[in-house]
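Have a look at the structure below before the remarks.
The values are calculated or read from the model by the stated rules, or taken from the named source; none is laboratory data. Everything numeric here is computed off the predicted structure, so don't read it as measured data. When we count neighbours, we look across all protein chains shown, and the Cβ atoms used for this are built from the backbone with ideal geometry, even at glycine.
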Amino acid sequence: MGRVLTPWAEDPGQSRRHVGKSWQPPCLLRGAKRAPEAGPKPPSSELVGLRSLGLYTVNAIYGDTITMPCRLEVPDGLMFGKWKYEMPNGSPVFIAFRSSTKKNVQYDDVPDYKNRLSLSENYTLSIRNARISDEKRFVCMLLGECIARDSYPEGNITWYKNGRVLQPVEEVVVINLQKTVDKSTGLFTMTSSLQYMPTKEDANAKFTCSVTYLGPSGQKTIQSDPVVFDVHYPTEKVTIRVLSQSSTIKEGDNVTLECSGNGNPPPQEFLFYIPGETEGIRSSDTYVMADVRRNATGEYKCSLIDKSMMDATTITVHYLDLQLTPSGEVTKQIGEALPVSCTISSSRNATVLWIKDNTRMQTSPSFSSLQYQDAGNYICETTLQEVEGLKKRKTLKLIVEGKPQIKMTKKTNTNKMSKTIVCHVEGFPKPAVQWTVTGSGSIINKTEETKYVNGKFSSKIVIAPEENVTLTCTAENQLERTVTSLNVSAISIPEYDEPEDRTDDNSEKVNDQAKLIVGIVVGLLLVALVAGVVYWLYAKKSKTASKHVDKDLGNIEENKKLEENNHKSET
């Protein structure tokens, strides 16, 4: 009686056959023998494909030989036996196969067990040189024939592939059927074997067998569970793929190359070729490159171990370099020149952005004569838009220093009872201001200072001088001490009051207005000059024409007089 038995719960019917070799899938109908009855007798019981017999443990010493008996009843109609082990994800890996008819043993191409396996005639598996990695679940499988027992009248056995009936084809599909009759009971036993020449398209095909018989209520059919056989065929194509977290690769990324073959079982080892190297690197189906650099750009190949098939792919490692000159903290004096350059080197065109004090600049900075307002934090930032996460930036902290510069102004207040004196100060670091008064006069208020912006601020006091006084403004920072004095007349004495300095914006407006006025005046002068030249040319031409006319008239008068004189003489 043929059986398909495993010591564990297993995916039904996983087995192996090579392309071009026939095989016989199992189908078992099993039932209890009973005395013949009047009328038809169905083949009772279930159709068995796989059965769980439980799990047992084998202990071994590191470095010794592991011996694992196949604790299954070997059926009379056995076709072949095989061993496999389970991966952590549950997928099977077949390692050994033995045919009961041809007495040959085949070992699968599994690198971890190469030259370490032995499969005996009773299907006991031995593993030499035991390792820690051998701690796995191993499965023994025995495959047999399709048998229908104890039926009356005799039934018909039919084979199916993917639900379609298999018809005999010479040397491709061969079905053998044997019938026996138990003389004591008169019941039939039918044994059917299928010899099938598989192709690689049959790798996932499901094979079943069924028994059709005549029962009391008519024709009945019992169907077996499907069995899937692992068909072996050679690799015809090798494919290399690049595994990366993004579609583009940049410096610092980890890149994995994966090589695969379309054979079954697929190749477990490959040769990987990196740019500039002629010898391949032997590895499993993956090759990992960590923290890649730009010099990793190039063509990568993988091939089978025998180099019979190869595939290639190109990897581009994108990079972005930024050089800011100068960078970091730079201190310059007011009025000095400072050339600034931001140089980019990249694998593709990059965009450049300048930012000053968190505000985007329209143009790159250029300093021919530094001013206090030029001080600040500058950032040069560049990005490769097509490469995710590839961005660089560098910072320039510009400090513009200057010695204190002072200008003093005075103004009589509207109440005519006091005057405001202002000390306009420029300089960096911010100067400290001190006032002194020479002469009699009361200071009405304390010193007031405006906000320090772009290296400038003002300090002012209000004074009611009883007589002429001198006010002194002293500004001092780490670079220098500057002193300026201003004479202020008594309140009772009228004098010219100097206006306070305008703000930078007002100054710019005044300058613009002045430029406009000058332009208009120059334009009018040019127009007047052109008009004068035209008039002069016209007058000169008119005068010349007048002289010609006078000359012609004179000649006419002279001719008349000569004619009169001649006429008198003749008379």
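Give the residue, chosen from LEU390, LEU353, that is in contact with a strand residue (DSSP E or B) (Cβ under 7 Å, 6 or more places away or on another chain) and crowded, with 17+ Cβ neighbours inside 10 Å.
Exactly one residue qualifies, and that residue is LEU390.
Exactly one of these conditions fails for LEU194: (1) in contact with a Lys or Arg (Cβ under 8 Å, 6 or more places away or on another chain); (2) in a strand (DSSP E or B). Give me its number.
Going through the list (1) in contact with a Lys or Arg (Cβ under 8 Å, 6 or more places away or on another chain); (2) in a strand (DSSP E or B), LEU194 breaks only (1).
If I filter segment 167-180 for residues that are outside any loop (DSSP other than H, G, I, E, B), in contact (Cβ under 8 Å) with a residue 40 or more places away in the chain, in the same structural domain as TYR85 (by TED's automatic domain parsing) and surrounded by fewer than 21 Cβ atoms within 10 Å (Cβ to Cβ), do I get at least one hit? Explain how you work it out, then say what you get.
Kept after step one, since they are outside any loop (DSSP other than H, G, I, E, B), are these residues of segment 167-180: 169, 173-180.
Now restrict to residues that are in contact (Cβ under 8 Å) with a residue 40 or more places away in the chain: 174.
Still in the list and also in the same structural domain as TYR85 (by TED's automatic domain parsing): 174.
Still in the list and also surrounded by fewer than 21 Cβ atoms within 10 Å (Cβ to Cβ): 174.
Looking for residues that are outside any loop (DSSP other than H, G, I, E, B), in contact (Cβ under 8 Å) with a residue 40 or more places away in the chain, in the same structural domain as TYR85 (by TED's automatic domain parsing) and surrounded by fewer than 21 Cβ atoms within 10 Å (Cβ to Cβ), one finds at least one in segment 167-180, hence yes.
Given the structure, is LEU322 in a strand (DSSP E or B), crowded, with 18+ Cβ neighbours inside 10 Å and under 21 Å from the mean Cα position of the chain (by Cα)? Step through it out loud before you land on a result.
Numbers: in a strand (DSSP E or B): yes; crowded, with 18+ Cβ neighbours inside 10 Å: yes; under 21 Å from the mean Cα position of the chain (by Cα): yes.
Considered against the rule, which asks whether it is in a strand (DSSP E or B), crowded, with 18+ Cβ neighbours inside 10 Å and under 21 Å from the mean Cα position of the chain (by Cα), LEU322 comes out as yes.
Would you say ALA296 is exposed (fewer than 14 other Cβ atoms within 10 Å of the Cβ), modelled with pLDDT under 95, more than 24 Å from CYS380 (Cβ to Cβ) and of a type in the set (A, V, I, L, M)?
no
In segment 87-125, how many residues are within 15 Å of HIS232 (Cβ to Cβ), buried (at least 17 other Cβ atoms within 10 Å of the Cβ) and among the small types (Gly, Ala, Ser)?
1
So is VAL453 touching a Ser or Thr at 6+ places or on another chain (Cβ under 6 Å), surrounded by fewer than 20 Cβ atoms within 10 Å (Cβ to Cβ) and either modelled with pLDDT of 95 or more or more than 30 Å from ASP253 (Cβ to Cβ) (or both) or not?
Here the answer is no, as VAL453 does not meet what is asked.
Residue by residue, here is whether (1) in the same structural domain as THR189 (by TED's automatic domain parsing); (2) in a strand (DSSP E or B); (3) aliphatic (A, V, I, L, M); (4) without any contact (Cβ under 8 Å) to a residue 24 or more places away in the chain holds:
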| position | (1), (2), (3), (4) |
| --- | --- |
| PHE207 | yes, yes, no, no |
| ASP225 | yes, no, no, no |
| PRO275 | no, no, no, no |
| VAL288 | no, yes, yes, no |
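Has segment 405-422 got at least one residue that is free of Cβ contacts under 8 Å to residues at least 60 places away in the same chain and either in the same structural domain as CYS342 (by TED's automatic domain parsing) or touching a helix residue (DSSP H, G or I) at 6+ places or on another chain (Cβ under 9 Å) (or both)?
no
Confirm whether TYR213 is surrounded by 20 or more Cβ atoms within 10 Å (Cβ to Cβ), hydroxyl-bearing (Ser, Thr, Tyr) and within 30 Å of ILE315 (Cα to Cα).
No; evaluated as a whole, the condition is false for this residue.
Report whether or not ASN254 is within 30 Å of ILE274 (Cβ to Cβ), of a type in the set (S, T, N, Q) and free of Cβ contacts under 8 Å to residues at least 60 places away in the same chain.
yes
Quick one: which of THR199, THR185, THR189, THR180 is within 57 Å of the chain's Cα centre (by Cα) and among the hydroxyl-bearing types (Ser, Thr, Tyr)? Give the steps one after another, and end with the answer.
Working: THR185 fails: within 57 Å of the chain's Cα centre (by Cα); THR189 fails: within 57 Å of the chain's Cα centre (by Cα); THR180 fails: within 57 Å of the chain's Cα centre (by Cα).
None of the others qualify; the one that does is THR199.
Do we have any residue at all in segment 137-144 that's touching a residue at least 12 places away in the same chain (Cβ under 8 Å), over 28 Å from LYS84 (Cβ atoms) and touching an Asp or Glu at 6+ places or on another chain (Cβ under 6 Å)?
Step one: filter segment 137-144 for residues touching a residue at least 12 places away in the same chain (Cβ under 8 Å), giving 137-144.
Add one more test, that the residue is over 28 Å from LYS84 (Cβ atoms), and what stays is none.
No, segment 137-144 has no match at all.
If you go through segment 94-110, how many residues are among the hydrophobic types (A, V, I, L, M, F, W, C) and touching a residue at least 60 places away in the same chain (Cβ under 8 Å)?
Looking only at segment 94-110, we keep the residues that are among the hydrophobic types (A, V, I, L, M, F, W, C), and these are 94-97, 105, 110.
Still in the list and also touching a residue at least 60 places away in the same chain (Cβ under 8 Å): 94, 97, 110.
Matching residues across segment 94-110 total 3.
With respect to THR438, is the statement that it is in contact with a strand residue (DSSP E or B) (Cβ under 9 Å, 6 or more places away or on another chain), over 21 Å from GLN371 (Cβ atoms) and of a type in the set (Ser, Thr, Tyr) true? Break it down stepwise before answering.
On the way: in contact with a strand residue (DSSP E or B) (Cβ under 9 Å, 6 or more places away or on another chain): yes; over 21 Å from GLN371 (Cβ atoms): yes; of a type in the set (Ser, Thr, Tyr): yes.
Judged against the criteria, THR438 is a match.
Tell me whether segment 134-146 contains one or more residues that are crowded, with 16+ Cβ neighbours inside 10 Å, among the acidic types (Asp, Glu) and in the same structural domain as PRO69 (by TED's automatic domain parsing).
yes
For segment 312-330, state whether one or more residues are free of Cβ contacts under 8 Å to residues at least 40 places away in the same chain and at positive phi.
no
Check VAL425, VAL437 and return the single one that is at pLDDT 95 or above and either within 19 Å of TYR452 (Cβ to Cβ) or over 32 Å from the mean Cα position of the chain (by Cα) (or both).
Selected residue: VAL425, the only one of VAL425, VAL437 that is at pLDDT 95 or above and either within 19 Å of TYR452 (Cβ to Cβ) or over 32 Å from the mean Cα position of the chain (by Cα) (or both).
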